[in-house]
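A short write-up of the structure that comes next.
Each reported figure results from applying straightforward, stated rules to the coordinates on display, with no laboratory input. Since the model is a prediction, treat every value here as computed from it, not as a measurement. Cβ coordinates were reconstructed from backbone atoms using ideal geometry, including for glycine residues, and neighbour counts include every protein chain displayed.
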Amino acid sequence: MSNEIEIGRGKRGRRAYSFDDIAVVPSRRTRTPDDVSVTWQIDAYQVDIPVVAAPMDSVMSPATAIELGRLGGIGVLDLEGLWTRYADPEPLLEEIATIPAGDVTRRMQELYSAPIQPELIHERIKEIRAAGVTVAGALSPQRTQEHWRTVVAAGVDLFVIRGTTVSAEHVSSEAEPLNLKRFIYELDVPVIVGGAATYTAALHLMRTGAAGVLVGFGGGAANTTRTSLGIHAPMATAVADVAAARRDYLDESGGRYVHVIADGSVGRSGDIVKAIACGADAVMLGAALARATEAPGRGWHWGSEAHHPDLPRGERVRVGTVGTLREILHGPGGRADGTLNMIGALRKAMATTGFSDAKEFQRVEVVVSPYSPR
């Protein structure tokens, strides 16, 4: 049955759903939350919780990447951020947190215009590696060819290529685009790439050899892509579409499994639950972790789109502080709004619906139940 609707006589559109539009449904079986497994594995790396931190300066510093690794997740450092442009970015992070709203975009454009220093990339990765956690760093597609050798030489475990949207068929009349398939084939480390928001785009990225695909397009709390470009991908539908591409690619490739990571609109524990229910293996958290007392943003949150030199498509937003990284992920929770003990909530949801692990939970029944979140 088609889910297209008529917008006007000359245009039809497919109905799509956000996480707020759906809910999971209890089944005939329940479990004890302690009997539920939330672990996952990407390539050779066993991960205790299905959480990857977004490579954003308001979320990840070398210290918070290390702490997240110790708490069972994967911290991804933005290798184009302040930490690789300045030897000591702490005063600049403090400044960003105190700039008046009308001046913040212009000032961030100035701060992020400083050159990326390869020696700082090496130093930051080395610092995280010395702590004994999984090391992950991110570059945009535009900067990957320039800096990837430095990143790999420094000893990164997972290489993330992250943009608002990343395609396997970028066309440019100005420069030779990054050939993802050749690049990933020649690289010695697993690559996570995205965002992608459609079945076809994700399938093409999977065919490049990527170990994981990030699902999302400008849906984060600090993005204004929908208002500035008019482009948006409701996440429940996007994740389900990309999960379908993973299933078909598994058959096409003779058994090669590509991990699906929901990246955007995952701000509270219920969003994590619904992302995995729609087919995600893990989630990439930005605003949710920016609320930690250890977060570099000091209660503020922004991404790379907020300081684009020509067309900013994001802003600095106030997210506040709710607790430590440990409390946000593992509790105890002192709030009932889904911002604390997020993994505990995931366990509870899986136990309440009777599923023993995240892969099994992808088969949970969901209903379309739109509502206006508080």
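Some notes on this structure:
- Largest-first ellipsoid semi-axes for region 4-368, taking √(5λ) over the Cα gyration tensor eigenvalues, angstrom: 29, 25, 22
- Pairs of Lys residues in region 4-368 that lie 8 or more places apart, or on two chains, and have C-alpha atoms under 29 angstrom apart add up to 5.
- Karplus-derived 3J(HN,Hα) values for region 255-260, using 6.51 cos²θ - 1.76 cosθ + 1.60 with θ = phi - 60°, are x, 7, 9, 10, 7, 9 Hz; glycine and proline are entered as x.
- Debye equation applied to the C-alpha atoms of region 218-270, log10 I(q)/I(0) at 0.14, 0.20, 0.21, 0.29 Å⁻¹: -0.48, -0.77, -0.81, -1.09
- Cα-centred dipole magnitude for region 44-112, charges only on beta-carbon of K, R (+1) and D, E (-1), debye, nearest 20: 160
- Bridge type composition, region 4-368 - antiparallel percent by DSSP, nearest 5: 30
- Projecting the alpha carbon convex hull of region 6-70 along each direction and taking the average yields 9.8 nm².
- Debye log10 I(q)/I(0) for region 22-112, one point scatterer per Cα, at q = 0.21 Å⁻¹: -1.04
- Estimated inter-spin distance, E6 and V25, nm [label 7 Å along Cα→Cβ]: 3.1
- The label point for L187 and the one for V368, both projected 7 Å from the Cα toward the Cβ, are 3.7 nm apart.
- Under the criterion of Cα pairs below 8 Å and six or more residues apart, the relative contact order for region 4-368 equals 22 percent.
- Additional length obtainable on full extension of the chain from Q109 to R15, 0.36 nm per residue less Cα span: 30.1 nm
- Most mobile of T352, T198, T84 in a GNM of the chain (Cα contacts under 10 Å): T352
- Kirkwood-type radius of region 284-342, with distances r between different C-alpha atoms, in Å: 12.0
- Ranked F183, F159, criterion: other C-beta atoms within 10 Å, fewest first: F183, F159
- Charge dipole (debye, nearest 20) of the chain; +1 at Cβ of Lys and Arg, -1 at Cβ of Asp and Glu: 1100
- Considering only L79, I261, P89, the residue lying farthest towards the positive end of the dipole of the chain is I261, judged by Cα position with unit charges set on Cβ.
- Given their separation in residues at 0.36 nm each and the Cα-Cα distance between them, E360 and A244 gain 40.2 nm when the chain is fully extended.
- Förster radius 35 Å - calculated FRET efficiency between R256 and A97 (Cβ-Cβ, nearest 0.05): 0.20
- Shape category assigned to region 228-366 from the gyration tensor of Cα positions, a/c cut at 1.5: oblate
- On full extension, the segment bounded by R70 and R298 gains 80.0 nm, given 0.36 nm per residue less the C-alpha separation.
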